Amino acid sequence: MKKRVLGLFALFFALLLVSCGREDKGELTVYVGLYEDHAIRAIETFEKETGIKVSHVRMSNGEILARIRAEQNAPKASVWYGGPSDTFVQAKYEGLLKSYTSPNSSFIPDIYKDPEGYWTGIYVGSIALVSNRSWLQDVGLDIPNSWEDLLKPEYKGMVSMADPRSSGTAYTILATLVQLMGEEEAFDYLEKLNENVRSYTTSGSVPGRSVGMGETGVAIMFAHDALKFFKEGFRDLVITIPKEGTGYEIGAVAMISNGPDLEAAKTFIDWSLTKQAQEIGKHTGNFQLLTNETAISPEEAFYLTEINVIDYDHNWAGLNRAILIERWVEMVK
Amino acid sequence: MGRVKPIQELKRLAREPLLLTCIILVMASLFVFIVYPLFQIGRTSFFSVDGSFSVAAYKRILSGGNLLTALTNSLVLAFIVSILSTIIAYIFAYTIAYINVPLKKLFNGIAILPVISPPFVIALSAILLFGRQGFISNHLLGLQNANIYGLNGLILVQTLTYFPIAFLVLAGLLRSISPALEEASENLGASKLKTFISVTLPLSTPGIANAYLLVFIQSLADFGNPMTIGGNYTTVAREIYLQAVGSYDMQAGASLAMLLLTITMVVYAIQKFWVGKRSYVTVTGKPTSGRKLIDSGWLKHMMFGICFSLSVTVILFYILVPIGSFIQLWGINNSFTLDHYKYVFNLGQKAIVDTFTLSLIATPIAGLLGMIIAFLIVRKNFIGKKTMELVSMLSIAIPGTVLGIAYILSFNKAPLALTGTAVIIIAAFVVRAVPVGIRSGIASLQQIDPSIEEASTNLGANQSQTFFGIVLPLIKPAFFSGLVYSFVKSMTAMSAVIFLISARYNLITASILSQVESGRIGVASAYCTILIIIMIISLLILNGMLRLFGGEYDKKTKKTTNNPAGQKPLSM
């Protein structure tokens, strides 16, 4: 008996050793703001091309910022991959990022990157109104095409968006409205909108699914996220750009200050700016505009030149992120 | 066992170095993985970031706002769910003990489901049935505005999840009530109803209280259901997670955790030391004679009807998830698809492998540790034994989210920088699973005469030979049920480990949660289905191994002892 029991345990511990014993060319930990399918496919490709082993966690952008801040004395991750640059700007001014100008950033136009190299844009996406066609028909409403439309009483409890504390998408919406209308008017608007909002979700893309499912009537979110849902089978989704004008995000990549694996982090960022890396998105159903001038954006993408975008100041948005979110929290309560 | 003076005790221990090492190791691990983390929560909740003492965080919670709402919401929910669960469980238990109905095996089997089920199954099914595109709400009733997310949904889901726990308590109690008193009552002319109200019901009050409190604790600590179906109805376990992981507000998280822990501990203490001690179980000195079961009348039909329809409902809830995993988009595009499984196998492999490996490592550790602690508590005398017993048993009442936040607070810096490693996840698995092993180990050992171990020692065997050669084989059923329980609990663990997963290790339950959060019910269902299949296969293999390893001394065991067969590790 004893021998058998010992044998059993020996087996378990052998398993333990085997599972711990793998070693690779280098290691890298990445915090990811991209869609999970996009992230995993991108990381697999990177691992194959470089032999560097990548661990990743997917979080919403505000969560990534909170985590990097909490870990600043002993950072666990070296790269922050994806999500609106506003949050990156705030992290830059908090000293959480490390400047790195990749040789490949020459392919990225200046408007899509930080002049000091703290973050570099990898994709662009704009905010849109996303509604459910059959719900609109049931209620007898036209497709909403302006911010003002969402304040109609018919939308009560049927509007959904994310919580700007956790979601980069939602903060882009908040910053867009403030830049479009001015701070006071924007908060007036948001207060009225709050009456119609059913719930504020953690992640920025979830509202699109709830509109697709018919749980809510209209979502404010990124157009490319809605497109992804449409392709997945939510054929009732209608995407419109508000006629007053809309804001856009620059999805970014950055190096985390004092992170481990500096060289691997550089390799990763260099790679993420390449044409090949950026084009992975469209093969996994992600339809952002790409920033690399040689990369071919998905044909479904919303080109900024074709829609009414405001002159969105990402640096301003990042600098004011903490203040605006605090005011928003006060207002929503 | 007589009291021995401390000095003599020490001398005796010094003669048994192996025992001494064992005690020290167990004590040290209990301290590091249970006492110290809880102490850290308390400390974090009382000291602000700059190191000064403040009760600001508690003030913030108790002065109102969403944190207080979360606390009161949880209490309201637990209050309602415990009442409903206890009533349903009583109906089940009464039917099985008092009425002659078919399908008793089925009704009993329902009680096992929540123990082995991943935390999301019932909530996911509730969404499939009652959500906006739900089968019942939308297609059968044609409701346009059904809202399962919130208090109502939580009550439904938690009641279905937790009534079996109450059932286990009540079934055992009703079985042990001697029919003699009830027969006496009826012989004296009381009607069946009168007998029930004045004899059976009073005799079962301690069990009812017990069941109520156990469900209350479970409901308070529940994390998976509120995350899935809570909607805007925030609860405390979920709020701890959002504060700690979402916004990294450790002080707020820790204070909430302290409040939750205090409430749970008080409820647990009431259950354990007050209600638990009151037993009206009738001692007659004779084995309980068979009860004459109610065999006809409207009562039989009604009770059978209730139990049957509830069982069918529970089973339906479990079947829906596998079905949902093959549907393209539930309610919108109901065509068959394998896409969700493709997604899981393409992108979720790592989580599956990690969960399986880590559970496999935690299982023998938890199983063996449980038996060693049980052995020390029942058979040995040493300083601190009472403490060891108390700490190891109380740990069962620590809510998972509390343990999770305690671990990130305790193990993020040297000398115990364990966050991000496998060790911390395994430790959480073990701590969550071991109390049940200890309990069944103690129950087993108490029925075994220590003279067999003494004989072994007298014949010259050392402590370790005696433990592995005599004790472990004797309490084999408890040991193996401890192993099975540990494995099942680790595979389905979420509330504690959700705090501990890192870039390096991911778990199936965490993947399910993130799919649920992003609304991909199909993929979440596919993950759940795979998890259930892995568990069933593993349990079958484990069972086979037990046969293989257990066969040779089975007969011996039965001859020498009252074999403590059928130890059920299920009750809390």
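Of the conditions (1) at pLDDT 85 or above; (2) touching a helix residue (DSSP H, G or I) at 6+ places or on another chain (Cβ under 6 Å); (3) of a type outside the set (Lys, Arg); (4) closer than 22 Å to B:ILE240 by Cβ, B:LEU403 satisfies every one except a single condition; which number is it?
In the conditions (1) at pLDDT 85 or above; (2) touching a helix residue (DSSP H, G or I) at 6+ places or on another chain (Cβ under 6 Å); (3) of a type outside the set (Lys, Arg); (4) closer than 22 Å to B:ILE240 by Cβ, B:LEU403 misses (2) alone.
Taking the range B:453-468 as the search range and keeping residues that are away from every other protein chain (no Cβ under 14 Å) and part of a helix (DSSP H, G or I), which one is surrounded by the most Cβ atoms within 10 Å (Cβ to Cβ)?
Among those that are away from every other protein chain (no Cβ under 14 Å) and part of a helix (DSSP H, G or I), it is B:GLU453.
For residues that are within 12 Å of B:ALA252 (Cβ to Cβ) and either among the small types (Gly, Ala, Ser) or touching a residue at least 12 places away in the same chain (Cβ under 8 Å) (or both), tally how many sit in the range B:42-65.
Final tally of qualifying residues: 10.
Checking B:THR72 against (1) free of Cβ contacts under 8 Å to residues at least 60 places away in the same chain; (2) within 14 Å of another protein chain (Cβ to nearest Cβ); (3) β-branched (Val, Ile, Thr), only one condition comes out false. Which one?
(2) is the only condition that B:THR72 fails.
Quick one: which of B:ARG238, B:ARG175 is within 14 Å of another protein chain (Cβ to nearest Cβ) and in contact (Cβ under 8 Å) with a residue 40 or more places away in the chain?
B:ARG238
Please determine whether any residue of the range B:41-62 is surrounded by 14 or more Cβ atoms within 10 Å (Cβ to Cβ), part of a helix (DSSP H, G or I) and within 14 Å of chain A (Cβ to nearest Cβ).
Looking for residues that are surrounded by 14 or more Cβ atoms within 10 Å (Cβ to Cβ), part of a helix (DSSP H, G or I) and within 14 Å of chain A (Cβ to nearest Cβ), one finds at least one in the range B:41-62, hence yes.
Name the single residue, out of those in the range B:219-252 being within 18 Å of the chain's Cα centre (by Cα) and outside any helix (DSSP H, G or I), that is surrounded by the fewest Cβ atoms within 10 Å (Cβ to Cβ).
Looking at residues that are within 18 Å of the chain's Cα centre (by Cα) and outside any helix (DSSP H, G or I), I get B:PHE223.
Given the conditions (1) surrounded by fewer than 24 Cβ atoms within 10 Å (Cβ to Cβ); (2) among the polar types (S, T, N, Q); (3) within 14 Å of another protein chain (Cβ to nearest Cβ), and given that B:THR387 satisfies all but one, which numbered condition is not satisfied?
The failed condition is (3).
With within 19 Å of the chain's Cα centre (by Cα), modelled with pLDDT of 90 or more and buried (at least 18 other Cβ atoms within 10 Å of the Cβ) as the only criterion, which of B:ILE498, B:ILE426, B:ILE396 stands out?
Answer to the check: B:ILE426.
Among the candidates B:VAL321, B:VAL344, single out the residue that is among the β-branched types (Val, Ile, Thr), buried (at least 18 other Cβ atoms within 10 Å of the Cβ), under 32 Å from the mean Cα position of the chain (by Cα) and under 30 Å from B:ILE96 (Cα atoms).
Only one candidate passes the filter, namely B:VAL321.
Taking B:ALA510, is it of a type in the set (Gly, Ala, Ser), under 22 Å from the mean Cα position of the chain (by Cα) and surrounded by fewer than 24 Cβ atoms within 10 Å (Cβ to Cβ)?
Yes: the conditions hold for B:ALA510.
Can you pull out every residue in the range A:187-228 that is among the aromatic types (Phe, Trp, Tyr), crowded, with 24+ Cβ neighbours inside 10 Å and more than 18 Å from the chain's Cα centre (by Cα)?
Within the range A:187-228, no residue meets the criteria.
Which residue is modelled with the lowest pLDDT, if the candidates are limited to the range B:149-168 and must be crowded, with 22+ Cβ neighbours inside 10 Å and within 14 Å of chain A (Cβ to nearest Cβ)?
Across the range B:149-168, the extreme among qualifying residues is B:TYR149.
Restricting the search to the range B:487-537, which residues are part of a helix (DSSP H, G or I), under 23 Å from B:PHE33 (Cβ atoms) and touching a Lys or Arg at 6+ places or on another chain (Cβ under 9 Å)?
Listed by number, the residues that qualify are B:LYS489, B:SER490, B:VAL497.
Could you please give the count of residues in the range A:166-209 that are away from chain B (no Cβ under 14 Å) and farther than 15 Å from A:SER60 by Cβ?
21
How many residues are assigned to a loop (DSSP other than H, G, I, E, B) and surrounded by 19 or more Cβ atoms within 10 Å (Cβ to Cβ) when one looks only at the range A:307-329?
2
Looking at (1) within 26 Å of A:GLU306 (Cα to Cα); (2) assigned by TED's automatic domain parsing to the domain that holds A:ALA74, can you tell me which one A:LYS98 breaks?
With respect to (1) within 26 Å of A:GLU306 (Cα to Cα); (2) assigned by TED's automatic domain parsing to the domain that holds A:ALA74, A:LYS98 is out only on (1).
In the range B:251-282, what count of residues is obtained for those that are at pLDDT 80 or above and either of a type outside the set (Phe, Trp, Tyr) or touching a Phe, Trp or Tyr at 6+ places or on another chain (Cβ under 7 Å) (or both)?
20
Would you mind listing the helices (runs of 4 or more DSSP H) fully within the range B:313-406 where at least 3 residues are closer than 18 Å to B:VAL35 by Cβ and touching a residue at least 24 places away in the same chain (Cβ under 8 Å)?
Per the criteria, B:349-379, B:385-394.
Return the total of residues in the range A:12-34 being more than 9 Å from chain B (Cβ to nearest Cβ) and at pLDDT below 85.
9
Is the range A:89-102 home to any residue that is among the basic types (Lys, Arg) and in contact (Cβ under 8 Å) with a residue 40 or more places away in the chain?
yes
How many of the residues in the range B:290-311 are within 23 Å of the chain's Cα centre (by Cα) and free of Cβ contacts under 8 Å to residues at least 60 places away in the same chain?
Final tally of qualifying residues: 0.
At least 1 residues that are among the aliphatic types (A, V, I, L, M) and within 31 Å of the chain's Cα centre (by Cα) in each: list the helices (runs of 4 or more DSSP H) lying fully within the range B:131-218 that qualify.
The qualifying helices (runs of 4 or more DSSP H) are B:151-176.
How many residues are outside any loop (DSSP other than H, G, I, E, B) and either closer than 20 Å to A:THR176 by Cβ or touching an Asp or Glu at 6+ places or on another chain (Cβ under 7 Å) (or both) when one looks only at the range A:197-224?
Selection size over the range A:197-224: 15.
The values are calculated or read from the model by the stated rules, or taken from the named source; none is laboratory data. Being a predicted model, the structure only gives us computed values, none of them experimental. A quick note on method: Cβ atoms are made from the backbone with ideal geometry, for glycine too, and the neighbour counts reach across all protein chains shown.
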